[in-house]
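Data block below; observations after.
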Amino acid sequence: MAGRNFLFVPGPTNVPDRILRAMDRAMEDHRSSAFPALTAGLLRDLKNLFKTTTGQAFIFPATGTGGWEAALVNTLSPGDRVLAPRYGQFSHLWIDLAQRHGLRVDIIDVEWGEGAPVERIEEILSADTGHEVKGVLIVHNETATGVTSDLAAVRRALDAARHPALLYVDGVSSIGAIDFRMDEWQVDLAITGSQKGLMLPPGLGVVCASPKALAAREQAKCPRVFFDFGDMIKANATGYFPYTPAIPLLYGLRESLDMLFEEGLDDVFARHRRLADGVRAAVRAWGLKLCARAPKWHSDTVSAILVPDGFNAADVIDVAFRRYNLALGAGLARVAGKLYRIGHLGDLNELMLLGAIAGAEMAMRDVGIKITLGAGVAAAAEHYRSTAAPLPPRVAVVPSPDVPQPPASGKGHSPRATVRA
Ligand code: PLP
């Protein structure tokens, strides 16, 4: 199919050309004397991304799932109790992983479309006077439902209960796109993957651990080999890895972090918020609803859009892909067929999103959903126009003495002009 594929799943996200070029390089010796400079810079700058000065970053050749596992096995023992609300497929899968490692998970089932139930968490932790619960597992942004939880409120719940449990946060679809503050919220283990806000291909699982989490390693008895923080700490201290790192991805990560810091993290978050607001305006204009049940849950990285009863969202996704070369995210598990997702994270701008919104509305019309063609595009476009930053003054245009000027025609044409640097 001619033209570019429109990749609008909530990860993997579009990889900017700058990152592609940074990764396009010959392999090199990862034990050379030059390698530590790369490692040290990445581990230092990841801390800025996670907003921690006291935490320690780990880069595994893995994915977000590997990050989940690394966080748990380095800090807990089989039989330990952890508390985990479940409000979507990713919180479900993390719970499953914890259970398969022999952890006892107290599950708080929450309606899909809502986020972390902070009052309930506080209640349960307050009742746990013996401090049996060793950890609280929170998915910051539930990618399956497009719901973002309030991590500051979760922290307040732990503090109000005066509970020492470690706070584990899955930031796979938030970190690098939605505000995340590891130190301020006293997150003990924060996890992300390379293929979302970091705009890289899949293949890295990144974990940041607080000093309290690192101390918990001493007692933690879960078996660990590949994901052992201890081996990483030893090797990273000299700028190396305990096994072959994903070299091209590390160069991509260097470029990704540079891009995020050049734009400025606050501006990156604001861009995601503004782009997401445009998508939400489109959904309203279509007369459809998000899976997220209230604005406080709205995710700035993914919108999960419910199709009307009697329609199958999988048909919308299929038509969008096969007819318009647009990849939309599927509904997962219990919301399969009920919704489709537009991922709006990573390397994106207004016009890219308008393309996705146009494709989504064409595909919805094609399968018979009664929406007005152009309604979503118009609503989003209006949002983007009305919230656009004021333009800086245009660079003055002055005629160049080097370029011969055409004779004045007297017909109102302006003379040819060149911008002079
Ligand atoms: N957590 C969240 C919130 C996710 O969105 C995903 C994947 O989409 C994962 C965890 C699992 O990550 P991975 O597929 O990289 O293992």
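The values are calculated or read from the model by the stated rules, or taken from the named source; none is laboratory data. The model shown is predicted, which means the values in this text are computed figures rather than measured ones. Virtual Cβ from ideal backbone geometry, glycine too; neighbours counted across all protein chains shown.
Some notes on this structure:
- Listed by first and then second residue, the pairs with beta-carbon distance under 6 Å, at least 6 apart or on different chains, first residue in region 335-349 and in contact (Cβ under 8 Å) with a residue 12 or more places away in the chain and at negative phi, second aliphatic (A, V, I, L, M) and in a loop (DSSP other than H, G, I, E, B), are G343/V9; L345/A177; D347/M199.
- Top-ranked residue of region 169-196 - restricted to ones that are of a type in the set (G, A, S) and away from the ligand (no atom under 11 Å from the Cβ), ranked as surrounded by the fewest Cβ atoms within 10 Å (Cβ to Cβ): G176
- Which numbered condition G329 fails, given (1) in a helix (DSSP H, G or I); (2) under 30 Å from L253 (Cα atoms): (1)
- Qualifying position, being in contact with a strand residue (DSSP E or B) (Cβ under 7 Å, 6 or more places away or on another chain), in contact (Cβ under 8 Å) with a residue 60 or more places away in the chain and of a type outside the set (S, T, Y), among N48, N5: N5
- Filter pass, A220 being away from the ligand (no atom under 12 Å from the Cβ), out of contact with any Ser or Thr (no Cβ under 9 Å at 6 or more places or on another chain) and aliphatic (A, V, I, L, M): no
- Restricting T53, T13 to those that are closer than 25 Å to D300 by Cα, assigned to a loop (DSSP other than H, G, I, E, B) and at pLDDT 95 or above reduces the list to T13.
- Filter result for the condition that a residue is out of contact with any Phe, Trp or Tyr (no Cβ under 7 Å at 6 or more places or on another chain), in contact (Cβ under 8 Å) with a residue 12 or more places away in the chain and either more than 16 Å from the ligand (Cβ to nearest atom) or of a type in the set (S, T, N, Q) (or both), over L250, L200: L250
- Here the condition is being closer than 23 Å to I342 by Cα and more than 13 Å from the ligand (Cβ to nearest atom); of D150, D45, it holds for D150 alone.
- Extreme residue, surrounded by the fewest Cβ atoms within 10 Å (Cβ to Cβ), among residues of region 336-349 that are of a type in the set (A, V, I, L, M) and farther than 15 Å from H272 by Cβ: A336
- The set of residues in region 53-81 being within 27 Å of G130 (Cα to Cα) and either surrounded by fewer than 17 Cβ atoms within 10 Å (Cβ to Cβ) or within 16 Å of the ligand (Cβ to nearest atom) (or both) consists of W68, E69, A70, A71, L72, V73, S77, P78, G79, R81.
- Scope region 207-243; condition outside any helix (DSSP H, G or I), surrounded by fewer than 19 Cβ atoms within 10 Å (Cβ to Cβ) and in contact with a strand residue (DSSP E or B) (Cβ under 9 Å, 6 or more places away or on another chain); matching residues: R217, F226
- From the options M364, M352, residue that is crowded, with 20+ Cβ neighbours inside 10 Å and at pLDDT 95 or above: M364
- A search for C-beta distances below 9 Å between a residue of region 22-33 that is within 19 Å of P201 (Cβ to Cβ) and any residue that is of a type in the set (K, R) and outside any loop (DSSP other than H, G, I, E, B), counting only pairs 6+ apart in sequence or on different chains, returns A22/R254.
- Flag if E263 is surrounded by 17 or more Cβ atoms within 10 Å (Cβ to Cβ) and over 28 Å from V118 (Cα atoms): no
- Options L288, L253; residue that is under 17 Å from the mean Cα position of the chain (by Cα), modelled with pLDDT of 95 or more and crowded, with 17+ Cβ neighbours inside 10 Å: L253
- Test: residue in region 86-102 that is in a strand (DSSP E or B) and either away from the ligand (no atom under 12 Å from the Cβ) or under 14 Å from A144 (Cβ atoms) (or both): yes
- Number of the exception - A270 against (1) more than 21 Å from the chain's Cα centre (by Cα); (2) assigned to a helix (DSSP H, G or I); (3) of a type in the set (G, A, S); (4) surrounded by fewer than 17 Cβ atoms within 10 Å (Cβ to Cβ): (1)
- Of all residues making up region 182-201, the number that are in a loop (DSSP other than H, G, I, E, B) and over 12 Å from the mean Cα position of the chain (by Cα): 8
- Among the candidates P201, P248, residue that is surrounded by fewer than 21 Cβ atoms within 10 Å (Cβ to Cβ), closer than 26 Å to G346 by Cβ and touching a Lys or Arg at 6+ places or on another chain (Cβ under 9 Å): P248
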